[in-house]
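Working notes for the structure below.
The values are calculated or read from the model by the stated rules, or taken from the named source; none is laboratory data. Quick caveat, the model's predicted, so the values are computed rather than measured. Backbone-built Cβ (ideal geometry, glycine too); neighbour counts: all protein chains shown. We work out accessible area using only protein heavy atoms, side chains counted, and drop any ligands, DNA or RNA first. Shrake-Rupley method; radii C 1.70, N 1.55, O 1.52, S 1.80 Å.
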Amino acid sequence: MKLRQKVIFLAITPLILALCAIALAVRHQSVLLAQQQRATIQQAYLSSKEAELKHYVALASHSISHLYDSGRDDQATREEAMRILSSLSYGDDGYFFLYDMQGNTLMHPRQPELVGQNLFGLRDQHGQLTIQNLLQRARAGGGLERYMWIKPSTHKPVAKLGYVIAMPKWGWMMGTGIYLDDVDQALAKIDVQQSANIHSTMLWIAGIAIAAAVAVASSGLALNISELRVADAKLKVLAQRVVESQEEERARLSRDLHDGISQWLVSIKLQIEAGIIRLTSARPEQQQAAQAVFEHAADQLSNVMAEVRRISHNLRPAILDDLGLAAALHHLGQEYTLSSGTPVHFEASGCTDGLPDVANTVLFRLAQEALTNIERHAGASRIDITLTGEAAGVTLRIRDDGHGFDAEGIALHPQRGIGLRNMMERMDAIGGHFEILSSTDGTMVMAYAANNS
């Protein structure tokens, strides 16, 4: 996996993990809130039904209170009370029922087949003693009781919430109730809606996560494409500069060989030929002249050898490999002093031998380029070269007292400042630092290379 792909992956992964964590937290809180909401709605709904049942029983009691409180306890009075209670209904499944305290059914408008039957031992499908629990609740002063009962409209057993009271003067238990399947259906509908809302929220979060991941990936892809284009452009410029540098070096070598060595060799060849001719002469003075010619040719051969050494040294100084950077810079300063007449003062301090070979070469080439620029443009009368070694790296400073120049303007000029750009690019290639300061009082070039370059 490439570095750019790793960067995009590392950018998307935390985003996806964060959104997943948010989704889990939202889902947990949504489920918890839905449960709390369901419990609250259920409690409120049942509370309203309980109050409604109390009101129904109170209304039924009030409808027969004139008979119950009249003091009469005959069969006709009781039948009239039953007739009134049987006529009080509210919907297909809302009715009142009467039992005596022994569990005999006295009145049941929706299930008349139960009238006259003793249901004291009746149990529902859960094994609960239905009528006994209702009688016990009535004897305790009345109240609410849950049990299972056949719903008239569906003829199926469902949960029912009943409210009963005792009528001790007649030995009755009167009550009514509501079936809770409607409540369960309403709560189930609420559960479905809440589940749909939670699912919709999860889909929104997933959509946001996908959109964010696509946005990050697209941005990374666009950035990669842009960086590739910039890198390609820089590579083309760098390749062009490499070719130009090679051509400049070849041209310089060609000039050195043609203008110097080639002409000297031609001169030496002519002198040797002339000396050979004079040697063949029998005259003594010609032979003496031949000796002088050969001596002059030998001197020129020494000059040729010195020129070859100079060219070789410029290409790759052997002293840099044999004695190190400090010795090579000191020798470079001495050669510059001899060739230009401008004194070069060199000073080295600390350990400067910890740099890799490539860093030593870069600093040496930088010093060569700096001295070449000083000779061509600075008009300096003194040059100081300082090499400082530290534990982390080596710092090279080259200072002159020339008239200076506009470093920023020349560095940005498309056709000038090639040497400065070469210096910067060489230092960038080894991860070093390059800085140049120039004023009317002179110029200082500073380069720093780390020991792990």
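The strands (runs of 3 or more DSSP E) found entirely in the stretch 317-403 that carry 3 or more residues being more than 49 Å from the chain's Cα centre (by Cα) are 344-349. Before we move on, is residue 192 modelled with pLDDT of 80 or more, open to solvent by 70 Å² or more (accessible area, probe 1.4 Å) and either among the hydroxyl-bearing types (Ser, Thr, Tyr) or under 44 Å from the mean Cα position of the chain (by Cα) (or both)? Judged against the criteria, residue 192 is a match.
For the stretch 295-322, filtered to residues that are open to solvent by 70 Å² or more (accessible area, probe 1.4 Å) and modelled with pLDDT of 75 or more, the residue that is nearest to residue 352 (Cα to Cα) is 305. Would you mind stating whether residue 410 is open to solvent by less than 80 Å² (accessible area, probe 1.4 Å) and at pLDDT 80 or above? Here the answer is no, as residue 410 does not meet what is asked.
Residue 153 meets the conditions (1) open to solvent by less than 20 Å² (accessible area, probe 1.4 Å); (2) assigned to a loop (DSSP other than H, G, I, E, B) in every case but one. The failed one is (1).
Scanning the stretch 71-89 for residues that are part of a loop (DSSP other than H, G, I, E, B) and in contact with a Ser or Thr (Cβ under 9 Å, 6 or more places away or on another chain) gives a single hit, 88. Being surrounded by 15 or more Cβ atoms within 10 Å (Cβ to Cβ), closer than 15 Å to residue 447 by Cβ, modelled with pLDDT of 85 or more and of a type in the set (Asp, Glu) is a description that applies to residue 384. For the stretch 42-73, the candidate set comprises residues that are touching a Leu at 6+ places or on another chain (Cβ under 8 Å) and among the aliphatic types (A, V, I, L, M); within that set, the residue that is surrounded by the fewest Cβ atoms within 10 Å (Cβ to Cβ) is 59. Here are 378, 370: which of them is open to solvent by less than 40 Å² (accessible area, probe 1.4 Å) and in contact with a Gly (Cβ under 7 Å, 6 or more places away or on another chain)? Only one candidate qualifies: 378.
The number of residues in the stretch 87-103 that are without any contact (Cβ under 8 Å) to a residue 24 or more places away in the chain and either surrounded by 16 or more Cβ atoms within 10 Å (Cβ to Cβ) or small (Gly, Ala, Ser) (or both) comes to 3.
Does residue 205 qualify as being surrounded by 13 or more Cβ atoms within 10 Å (Cβ to Cβ), of a type in the set (A, V, I, L, M, F, W, C), outside any loop (DSSP other than H, G, I, E, B) and at pLDDT 85 or above? Spelling it out, it is not the case that residue 205 is surrounded by 13 or more Cβ atoms within 10 Å (Cβ to Cβ), of a type in the set (A, V, I, L, M, F, W, C), outside any loop (DSSP other than H, G, I, E, B) and at pLDDT 85 or above.
Scanning the stretch 323-363 for residues that are open to solvent by 60 Å² or more (accessible area, probe 1.4 Å), within 18 Å of residue 449 (Cα to Cα) and out of contact with any strand residue (DSSP E or B) (no Cβ under 9 Å at 6 or more places or on another chain) yields 357, 358.
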